[in-house]
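Encoded as structure tokens, the structure appears first; notes follow it.
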Amino acid sequence: MINFVLIPLMAPGHIIPMIDMAKLFAERGIIVTIVTTPLNAIRFSAVSIDTLPSYKLINNFFNAAKMLQKPLEQMLNGLKPAPSCIICDKHLSWTADLSNNLQIPRIIFDGMSCFTQLIMNNLFISKVHETASESEPFVVPSLPDRIEFTKLQLPDLLKPGSVVVKDFFEEVRATETLSYGVVVNSFEDLEQRYVDEFWKIRGGKVWCIGPLSLFNRENLDKAQRGNKASIDTDQCLRWLDSHEPDSVIYACLGSLSRLMPSQFIELALGLEASNYSFILVIHGGENTEEIEKWILEYGFDERIKERGLLIRGWAPQVLILSHSSVGGFLTHCGWNSTLEGICAGLPMITWPLFAEQFLNEKLVVQILGTGVRVGAEDVVDFTTQERSGMKVMKDEVKAAIDMVMDQGNQGCERREKAKALKEMAKRRITESADIIPLIEEPAQEPLAEDEDERVMENDDGSDMPQIQETE
Ligand code: UDP
């Protein structure tokens, strides 16, 4: 029997795709053991990072997660059938020791595309960004396309001197290279040249097993994915049913972002000014009170009641995106949301905030040609959620929405491209029998001691991981 142990990071954008991954493995008859904390087990995804009272506690969160190592080691030692491999979030770097102590292969999942992982890798190695000025674009070396960023757009972990969990990211980077291989929530047709390049630098141990959100086939799965929706899903569907196809903007900036009130106001006003129907998801966190005060004083609810739906809290995102009345997705470009927009065949209005979101925006806008930028230029500080540069203004929001919803040539072309990607994504899931080659030929050999040996081909020349099958 094959038993895969999955150890997700307790944050929605990480645990949700790993739960989807568990569904994929279970469909193939594999036993899956998911390791998580009691809070998450109840909510199934009701995660922890997004329930922190303040993101300033992020280091405490990761220190607490580290304490899982010893009890987990004891638990996995007694697990029947014995674990064949551990698939864990790469941000849980202590799982490298766990894997070593138990002599079980460790495959990492980091929730990013190959495009992004390749860029990060090339920047880490070349360090070209370190000598670049803050706002002058520089070219990322050794990529299949000419890709430019400014330093202001890069994730914190690429910024020398950044105080935000710097040691933490260094540890992640160090243990990342010790893993046996990487599973990626992506599919080859989406980013083939980047998959090929990333495959080379990881010695062939890269498996694209996405798009994982498509493993939620029923409406109920879609509605309950990640958390209990804060809106009655029938009411939400009725609202969507009452709109014309491709006419609604769905605006949601992920599970972790907490827009500053002044920035939220620009978003809300931009949506209002666009004159399109819209759903706006509000995750206010610490800013909720101030945001609600503005909504009340401005009379926002009342002004948009004919054509706007506000969801305060968790939205059934995949259910909404898959409804035919949605015609555009205003997204922060988290990788899950980006892929979900791709799977729904939607053109996107891109508003990256932090982490690797500017990299995902680049893929959507420049490579796939399905997005329009609102024009955000610098990452938000994750712990304070503040940005040092300019706010995105309501006119920019409106302009990007107008372009995406445009019925002229450019708008149609963007929509056609988006629809073609949706078909590719669907084909990947329905046609592909070999979606998880990593489980097809589990070898019996033990884990190699030396890292270099681990990334070499197997005796039969295949690149399958050497996963132990147990009786
Ligand atoms: N999500 C959702 N409802 C919400 C907010 C987020 O279902 O109200 C889901 C979304 O579908 C995605 C995940 O949460 O699967 C967010 O992950 P992503 O990588 O897009 O961004 P993050 O939240 O990590 O910034």
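Counting helices only, and only those DSSP H runs with n ≥ 4, report the 222 nm mean residue ellipticity of the chain as the sum of -39,500 (n - 2.57) divided by its residues, in deg cm²/dmol to the nearest 500.
-12000 deg cm²/dmol
How many angstrom lie between the C-alpha centres of the range 116-194 and the range 381-415?
That distance is 24 Å.
Just need log10 I(q)/I(0) for the chain at q = 0.08, 0.11, 0.14 Å⁻¹, Debye formula, equal scatterers on the alpha-carbon atoms, no solvent, rounded to two decimals.
Log10 I(q)/I(0), no solvent term: -0.46, -0.89, -1.48.
Viscosity 0.692 mPa s, temperature 37 °C: give me the Stokes-Einstein translational D for the range 2-114 in µm²/s, with Rh taken as the Kirkwood radius over C-alpha pairs.
Taking Rh from Cα pairs, D becomes 227 µm²/s.
Can you compute 3J(HN,Hα) from phi for each residue in the range 243-258, using the Karplus curve 6.51 cos²θ - 1.76 cosθ + 1.60 with θ = phi - 60°, rounded to whole Hz and x for Gly and Pro?
Once rounded to whole Hz, the list reads 10, 5, x, 6, 10, 9, 9, 9, 10, 8, 9, x, 9, 9, 6, 10.
Hey, could you pull the Cα Rg and Dmax for the range 73-150, both in Å?
18.4, 56
Rg to Rh ratio, the range 291-364, alpha-carbon atoms and Kirkwood radius?
Answer for the range 291-364: 1.03.
Take each of the peptides 204-216, 173-185, average the number of other beta-carbon atoms within 10 Å over its residues, and list them starting from the highest. Write down the numbers at each step before the final one.
Working: 204-216: 22.8, 173-185: 20.0.
Final packing ranking: 204-216, 173-185.
Can you list residues whose amide H is under 5 Å from Val206's amide H, if they're 5+ apart or on another chain and H is modeled 1.01 Å from N?
Val182
Quick one: P(r) of the range 178-238 from all Cα-Cα pairs, 10 Å bins, percents rounded to integers, in order of increasing distance.
Going out from 0 Å in 10 Å bins, the range 178-238 shows 18, 34, 21, 19, 8 percent.
Enumerate the amide H contacts of Phe278 below 5 Å, restricted to partners 5 or more residues apart or on another chain; note that Pro and chain-start residues carry no placed amide H.
So Phe278 has HN proximity to Ile249, Gly308, Leu309.
Please get the size of the charge dipole for the chain, origin at its Cα centre, with Cβ charges of +1 on Lys and Arg and -1 on Asp and Glu, quoted in debye to the nearest 20.
940 debye
5 Å is the cut-off here: which amide hydrogens, built 1.01 Å from N in the peptide plane, fall below it relative to Leu52, excluding neighbours closer than 5 in sequence?
HN-HN under 5 Å from Leu52: empty list.
Per 10 Å bin from zero, what fraction in whole % of the C-alpha pairs of the range 293-414 is there, up to the bin with the longest pair?
Result returned by the calculation: 12, 38, 39, 11, 0.
Need the list of lysines near Lys222 for cross-linking: C-alpha distance under 28 angstrom, and skip anything on the same chain fewer than eight residues off.
Correct list for Lys222: Lys23, Lys90, Lys305, Lys362, Lys417, Lys419, Lys422, Lys426.
Only the coordinates and a few stated rules stand behind these numbers; no lab work does. Worth saying up front: this structure is predicted, and the values here are computed from it rather than measured. Please note: Cβ atoms are built from the backbone with ideal geometry, for glycine as well, and neighbour counts cover all protein chains shown.
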